[in-house]
Amino acid sequence: MRIGRTLRWPIAVEPRPTAPPWLKVVVPLASITSALVVVAVFLAFRSFNPLEVYLEIGKTAFGSWFGFADTLTSATPLILTGLAVAFAFRVRLWNIGAEGQLIFGAIAATGFGVWIGDIMAPPIGIPMTLLAGMFGGMFWIALVAYGKAKYGVNEILTSLMLNFVAVIFSYYLVDGSTSPWRDTTLIGHPVGREVASFLELPRIGTTRLHWGFFVAVIAAVAVYLVLRHTRLGFTMRVMNSSPKAAHYSGVSIGALTVRVLLISGSLAGLAGAIELLGRGGRFSPEGFAAGLGYTGIVVAALGRLTPLGIVVSAVILGAVENAALTLQSMANPIPISVSIIVQGTLILFVVGGATLLSYRWRWIPRRAGPKAMPREESNT
Amino acid sequence: MLEAQGLSKRFGPVLANDSVNLFLARHSVHAVLGQNGAGKTTLANMLSGLYRPDTGTLKLDGEVVEFRNPPDALARGVGMVHQHARLVDRLTVEENIVLGDPDLPYYLDYSKIRARVRSLMDRYGLAVRVGAYAGELSAGERQRVDLLKTLFRGVDVLLLDEPTAVLVPAEVERLFETIGSFAADGVAVMIITHKLREVMAVSDTVTVMRDGRVEMVIPTGETTAAALATAMIGRPVEHEFSRLEGFVKVGEPVLTARDLKVSRTNNREGLHGITLAVRSGEIVGIAGVAGNGQELLADVLSGLVVPDSGSVEIAGKDTTGGGVRAARNHGLGYIPSDRLHTGLAPDLSVAENLMLTDAVRGGFNASRAQRRALKLIEDYGIVVAGPDVKTGTLSGGNLQRVILARELSGSPEVLVVSSPTQGLDVASAQFVHEEIGRLREEGCAIVLISEDLDEVLALADTVMVLYEGTVAYETAIGDLDREMVGLAMTGSGA
């Protein structure tokens, strides 16, 4: 005879290999909405009108062509640092050092732009300077890569700590010495030397948006192509799925680690060069990186490590950061830290929502439990 | 004592247990016999609270019970000992034994605990090194600790899942004596096995399972090994595997290893001077109890591990320091025993896994891979919805077919195969053996490593027995002395 189910929970949670396509759209949207609702509660507690605040954010970030251009300008370095973090994480390497690599990208780009770039025509000079920035980022991650590949040194620690070294080194170059990076023609607070103005990235119309945004989008496409269609990308997927299988099939894990980290560092370095050439061409340590590298980790997580997701999440975070500045200067100022709260809540909900996607939730109608069953069979 | 009525459990499309009835009595040893995939372990997992049956009831001493989880079952006197002891390596034997005991006092009086452990040890002849860390113990000792852990909590029903799989023959004898003394003390013992000899040696009653159903329940004394085998397989068989026939021309040595040495570590035995030569068309079978250096030898031959000293030559080229690439470039195929994580990347598609070893070394071409995958899926009978299915979702037999398809379709000159049929059903195992035989006829030099002695004896032309990282016995199959093999495996050979 059949005897009824005895589950205590009327909901069954089962893993599933793939989610239906519509869910992949609905769940992230629902996650973002939920995050906004939670932040709204917080805002209401501080007696702000959440709707008003959100409307203001939307108006500032997307409401006008200039606002939107500013949003994209802020998103540009975030796309690149996000890609840098995500690329390394595709083989479970944590590059927390995008901040430092970005600074070294800017240092290298300044150096190149000041001495060599100014003898070149812009069509060659600009790409070469950006390339110099990429090499700067690579240089700064090389030590991390070497330590990881050769001795298994934890890359989280080394990449993180080198950020502080990079920041302090940049202060030494500009504030602490009369190095060629310091503009000695100016008197007063030390500032960095300016690269030739024709090396600066052309702007779109009268906005602050510069061509760097398109370079970042091209980089995202390139990362997509590498991951999807090249041997390197394939090897990375094998490595991510099972390092043992990678070793078994003939991958040199040390060499792969170095290659992936160098590419990751070069993306962050490119962000540094673009920030330099897109925002005035003058490298001054104060607030240059301002957490762009760390925010890259947030962007990568929010973008679920996919190039398209990273572009979208960089634009969202760029919008929030831009709008936060405006909100602070409103009649009833909202603290700038609201952008951090939005960031954190978004991450929780989007990453959490994505996790739920890999499970199926099924409602099971409760049936009669064992106590309700007849006992005539207990004949032992 | 413990009675199961009409237990059923379904996993997706597979009905793992179909209305299984079982009665475990006090003072008795009940063997559950069946092939891989017959549903033995599923049954035990339901009895021990790990799985919840879809339908059916459990009765303990005539009363309907429902176990929430294994600790709940253990609290009511039903304990299970798994094939691989689940111990915490960094804890001592006695710490492992008391771990998870809800009645543990706040202050741990180790002298008292040790005294109790020792009295249990003496009573049941379970010798373990009290005070040693679990990580230092041999597989047999670990299992005895697991048994003690269960006994420490006081059980009326003891479920043993393939307890002899990791043991050497002498340890098996000891385990059987111990099981006998449990039964004498009034415990109801259930032992899961697929070895007939063990059923005959230790059990009072035997339940034979096939395809999730109970095929036969009979007192052991009233049946014969042959009758049980028939019930288990479903048709009478003479041998588990038939010997590969066919005219095979043995040629020159293709794979040569000289004096391989790798130092031993805490986790594994090393290699202490192993020399072997495999000729084309020859299968060299490596037998031995698990953990005597077989896996390491396979890894060294295929370039995954670089030996401390000694050399490996494939087709006359030294590949010793060249890693996997050098070995593969000179015609090596390798089928590792760990299929899902070493032989395959579980998150990648079947098509991607079929080109894994080629694509990593060169030539990444998605559309060609797709075409090739379709052909290999067809040729090797891989049961899968399509080449884009994630490999990790495949069954054991199909995983092995994917690896075989990849490694054999390249027509390797040297093939290293490790435990090729472990966990496979008879039909899949037969397929694997046929493929190995076909490759031998093509003149491939094959090293076959298996813990299943019968498999080695059925396939190999030359048999080597490894014991503690050295060759304990080596012979051509025609001159083989079964007794010598047994002695060499247990370290008592010449």
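Cross-link partners for B:Lys195 among the lysines, with Cα-Cα distance under 21 Å and sequence neighbours closer than 8 places in the same chain left out: B:Lys40. Our helix-only sum for the protein assembly as shown, with -39,500 (n - 2.57) per DSSP H run of n ≥ 4 divided by its residues, gives a mean residue ellipticity at 222 nm of -14500 deg cm²/dmol. With an a/c value of 1.5 or above and a/b not larger than b/c for the gyration tensor axes a ≥ b ≥ c computed over the alpha-carbon atoms, the range A:46-193 is described as oblate. This ranking places B:Ser349, B:Ser311, B:Ser302, A:Ser329 by how few other beta-carbon atoms lie within 10 Å of each, fewest first, which gives A:Ser329, B:Ser311, B:Ser349, B:Ser302. Name the shape class, rounded, prolate or oblate, that the alpha-carbon gyration tensor gives for the range B:354-402, where a ≥ b ≥ c are the square roots of its eigenvalues, rounded holds for a/c under 1.5, and otherwise prolate holds if a/b is larger than b/c and oblate otherwise. Because a/c hits 1.5 or more and a/b exceeds b/c, the range B:354-402 counts as prolate. Evaluated with a Cβ-only charge set (Lys, Arg +1; Asp, Glu -1), chain B carries a dipole of roughly 1000 debye about its Cα centre, given to the nearest 20.
Where both bridge residues fall in the protein assembly as shown, DSSP classifies roughly 60% of the beta bridges as antiparallel. Using only atoms on other chains, find how many Cβ atoms lie within 10 Å of each Cβ of peptide B:304-311 and report the average. Mean partner shielding for this stretch: 1. The base-10 log of I(q)/I(0) for the protein assembly as shown, evaluated at q = 0.05, 0.09 Å⁻¹, reads -0.40, -1.09 [Debye formula, identical scatterers on Cα atoms, solvent excluded]. When each of B:His84, B:His341, B:His330 is scored by the number of other beta-carbon atoms lying within 10 Å, the sequence from fewest to most is B:His84, B:His341, B:His330. Once Lys and Arg get +1 and Asp and Glu get -1 on their Cβ, which of B:Ala38, B:Val78, B:Phe23 lies farthest toward the positive end of the dipole of the range B:1-87? Highest projection toward the positive end goes to B:Ala38.
Using the Cβ-Cβ distance between B:Arg10 and A:Leu225 with R0 set to 45 Å, the FRET efficiency from 1/(1 + (r/R0)^6) comes to roughly 0.55. In the range B:1-131, taking the dipole from charged Cβ atoms about the Cα centre, the farthest positive-side position among B:Pro53, B:Val130, B:Gln5 is held by B:Val130. Of the complete DSSP H runs in chain B, those spanning 18 angstrom or more by Cα along the long axis with a mean Kyte-Doolittle score not below 0.0 are B:169-184, B:396-409. Starting from the Cα gyration tensor of the range A:280-365, take the square roots of the eigenvalues, sort them a ≥ b ≥ c, and report rounded, prolate or oblate (rounded when a/c is under 1.5, otherwise prolate if a/b is larger than b/c, else oblate). It comes out oblate by the Cα gyration axes. Charge tally for B:Ala476 (other residues, Cβ to Cβ under 13 Å; Lys, Arg +1; Asp, Glu -1): -4.
Please identify every one of the trypsin sites (Lys or Arg not before Pro) in the range A:42-97 that sits in a loop by DSSP and has no more than 14 other beta carbons within 10 Å of its own beta carbon. Taking the range A:42-97 and a limit of 14 other Cβ atoms within 10 Å, the loop trypsin sites (Lys or Arg not before Pro) found are A:Arg46, A:Arg92.
Summing Lys and Arg as +1 and Asp and Glu as -1 over all other residues whose Cβ lies under 15 Å from the Cβ of B:Val262 gives a net charge of -2. For the pair the range B:152-204 and the range B:282-340, the centres of their Cα atoms are 37 angstrom apart. Using DSSP loop states and a limit of at most 15 other Cβ atoms within 10 Å to flag GluC sites (Glu not before Pro), what is the longest stretch of chain A containing no flagged site? Of all site-free stretches, the longest is A:1-285. Measuring gaps between exposed loop sites in chain B (chymotrypsin sites (Phe, Trp or Tyr not before Pro); DSSP loop; at most 15 other Cβ atoms within 10 Å), the longest gap, sites not included, is B:248-494.
Taking Cα centre as origin and charging only the Cβ of basic (Lys, Arg, +1) and acidic (Asp, Glu, -1) residues, the dipole magnitude of the range A:212-327 rounds to 480 debye. Restricting the chymotrypsin sites (Phe, Trp or Tyr not before Pro) of the range A:205-298 to loop positions (DSSP other than H, G, I, E, B) with no more than 15 neighbouring Cβ atoms within 10 Å leaves nothing.
Cα-based values for the range B:297-442, radius of gyration first and Dmax second, are 15.0, 47 Å. Before anything else, pin down the relative contact order of the range B:377-473: Cα pairs under 8 Å, at least 6 apart, normalised by residue count, whole percent. Dividing the mean separation by the residue count of the range B:377-473 yields 22 percent. Pairs exceeding a 22 Å alpha-carbon distance, out of A:Lys150/B:Lys261; A:Lys24/B:Lys390; A:Lys150/A:Lys244; A:Lys24/A:Lys244: A:Lys150/B:Lys261; A:Lys24/A:Lys244.
With neighbours defined as other Cβ atoms within 10 Å of a residue's Cβ, the residues B:Leu158, A:Leu348 order from fewest to most as A:Leu348, B:Leu158.
Rg and Dmax of chain B, based on Cα coordinates, read 24.1, 71 Å. Diffusion coefficient (Stokes-Einstein, Kirkwood radius over C-alpha pairs, 25 °C, 0.890 mPa s) for chain A: 106 µm²/s, rounded to a whole number.
Pairs of Cα atoms nearer than 8 Å and 6+ residues apart set the relative contact order; for the range B:271-375 it is 15 percent. Only one residue of A:Val27, A:Phe66, A:Phe87 has its Cα farthest out toward the positive end of the dipole of the range A:1-131, where Lys and Arg carry +1 and Asp and Glu -1 on Cβ, and that residue is A:Val27. Over chain A, what relative contact order in percent results from Cα pairs under 8 Å that are six or more residues apart? Relative CO of chain A lands at 35 percent.
Over all alpha-carbon pairs in the range A:304-344, figure out the percentage whose distance exceeds 10 Å. Percent of Cα pairs beyond 10 Å in the range A:304-344: 69. If you bin all the Cα-Cα distances of the range A:211-251 at 10 Å, starting from zero, the percentages per bin are 30, 35, 22, 11, 1.
The charge dipole of the range B:351-431, taken about its Cα centre with unit charges on the Cβ atoms of Lys, Arg (+1), Asp and Glu (-1) only, comes to about 220 debye.
Just so you know, all these numbers are worked out from the coordinates, no wet-lab data involved. It should be emphasised that the depicted structure is a prediction, and the values quoted were computed from it without experimental measurement. For neighbour counting, all protein chains shown are included, and Cβ atoms are generated from backbone atoms with ideal geometry for every residue, glycine included.
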